[in-house]
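Enquirer: Have a look at this one before I ask anything.
The values are calculated or read from the model by the stated rules, or taken from the named source; none is laboratory data. This structure is a prediction, so every number in the text was calculated from the model and none was measured. Reconstructed Cβ throughout: ideal geometry from the backbone, glycine too, with neighbour counts over all protein chains shown.
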Amino acid sequence: MKRLILISALFVFIVTFCSVFAFSQEIDLSGTWVGSTIVPEQGEDEMTLIIKKEDGEYTATISDSLGMLMDTECEDIEFENGTLTFNFTISQDMETLTVWITLEVEDDTMKGYWETAEGDQGDIELKKQ
């Protein structure tokens with residue numbers, strides 16, 4: 001009986017240790033992510049997000065099929081608890097517009113939304129290439 005309890009306790013310890021170790025592995029978002037969103041008064045917009053990781057920090061650029069973004073630098077990039085957030089600025093003529101993006105990361109998919117201070121918003125889904 002003691003042997004069964006000892007084996008069961010050892011099994012629970014191993015499973016718990018392996019689970020904690022697996023969850024503590026950092027996800028690396030580096031790579032090319034492609035997807036789309038709907039832009040009000042413009043329609044569907046294909047997006048490409050390129051993420052790089054150097055010295056433990058992420059950098060990213062974003063481009064789109066509507067031509068509003070051409071390798072635009074992303075700013076304030078944070079990845080915590082499976083959520084990626086960043087922003088970028090669109091400059092056209094004399095106007096600028098900041099867009100904030102929030103994405104939940106699960107395996108090779110990011111899903112979330114974008115929003116502006118003017119109240120525009122939309123859903124985004126990106127897949128790692």
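Enquirer: For residues that are at pLDDT 95 or above and either touching a Cys at 6+ places or on another chain (Cβ under 7 Å) or more than 18 Å from LYS53 (Cα to Cα) (or both), tally how many sit in the stretch 90-103. Explain how you work it out, then say what you get.
Expert: Quick first cut of the stretch 90-103, residues at pLDDT 95 or above only: 98-103.
Now restrict to residues that are either touching a Cys at 6+ places or on another chain (Cβ under 7 Å) or more than 18 Å from LYS53 (Cα to Cα) (or both): 98-102.
Residues that pass the stated criteria total 5.
Residue-by-condition table, conditions (1) within 11 Å of the chain's Cα centre (by Cα); (2) touching a residue at least 12 places away in the same chain (Cβ under 8 Å):
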| site | (1), (2) |
| --- | --- |
| ILE27 | yes, yes |
| VAL34 | no, yes |
| ILE38 | no, yes |
| LEU66 | no, yes |
| LEU69 | no, yes |
| SER91 | no, no |
| TRP114 | no, yes |
| ALA117 | no, yes |
| GLY122 | no, yes |
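Enquirer: Which members of the stretch 35-59 meet the condition of being assigned to a strand (DSSP E or B) and out of contact with any strand residue (DSSP E or B) (no Cβ under 9 Å at 6 or more places or on another chain)? Steps first, answer last, please.
Expert: Our first condition is that a residue be assigned to a strand (DSSP E or B); within the stretch 35-59, this holds for 35-39, 43-54, 57-59.
Correct list: GLY43, GLU54.
Enquirer: Return only the number of the condition from (1) closer than 20 Å to ASP123 by Cα; (2) in contact (Cβ under 8 Å) with a residue 40 or more places away in the chain that ILE77 does not satisfy.
Expert: Every listed condition holds for ILE77 apart from (2).
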